Amino acid sequence: MSQANVEMVKRGIDAFNRRDVEALADGVTPDFEWLPALPSTVEGERFSGYRGREGIETYFEDVRSTWERLRVLGNEFRDLGDGVLVLGRADGHGRGSGVEVDMPLGVIYDFRDGRVSRARAYLDHGEALRAAGLEE
């Protein structure tokens, strides 16, 4: 397993949990794609994710407006060659609803030139494993 990639993903998760745009942007490509687990519908079209540094800023704003607390916990890291699969959990507390959530989360991080170029998140470990071309 590329320990450098795993360490970069761990730093990225930490940056996400702190909502640190600078730290997260340092580890991604300029054309970074962030495809969150909860796709939205905007004006009748499927939401296609967030792009680049501006996308990171927008996503963090969206998270702050929806969640009082939302954090990602990575439990298992798997080498995918040019990427890393993280299987873990997301837990949070809804801002308006007050609802507590604790859900499975799988994220595939694709790398290019030593940086993360895309992150694809899934709310089901099996779905994340299949998307990565792995068996459950």
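The portion of the accessible surface of the chain made up by carbon and sulfur, rounded to a whole percent, is 46 (1.4 Å probe; DNA, RNA and ligands excluded).
Think of a 1.4 Å ball rolled over the protein heavy atoms: the chain then has 56 Å² of accessible area per residue. The share of alpha-carbon pairs in the range 4-136 lying farther apart than 21 Å comes to 38%. Relative to the longest principal axis of the Cα atoms of the chain, helix 52-66 runs at roughly 40 degrees.
The angle between the Cα long axis of helix 3-18 and the main principal axis of the chain comes to about 10°, on a 0 to 90 degree scale.
Taking the helices alone, the chain has a mean residue ellipticity at 222 nm of -10000 deg cm²/dmol, built from -39,500 (n - 2.57) per DSSP H run of at least 4 residues and averaged over all its residues. Between the alpha-carbon centres of the range 62-76 and the range 80-136 there is a gap of 12 Å. Subtracting the Cα-Cα distance of THR66 and ARG53 from 0.36 nm times their residue separation leaves 2.7 nm of extension gain. Taking the Cα centre of the chain as reference, the dipole from Cβ charges on Lys and Arg (+1) and Asp and Glu (-1) amounts to some 180 debye.
The values are calculated or read from the model by the stated rules, or taken from the named source; none is laboratory data. In this text, all values refer to a predicted model and were calculated from it rather than measured experimentally. Cβ atoms come from the backbone with ideal geometry, glycine included; neighbour counts cover every protein chain shown. Protein only, heavy atoms only, side chains kept; ligands, DNA and RNA dropped before computing areas. Shrake-Rupley method; radii C 1.70, N 1.55, O 1.52, S 1.80 Å.
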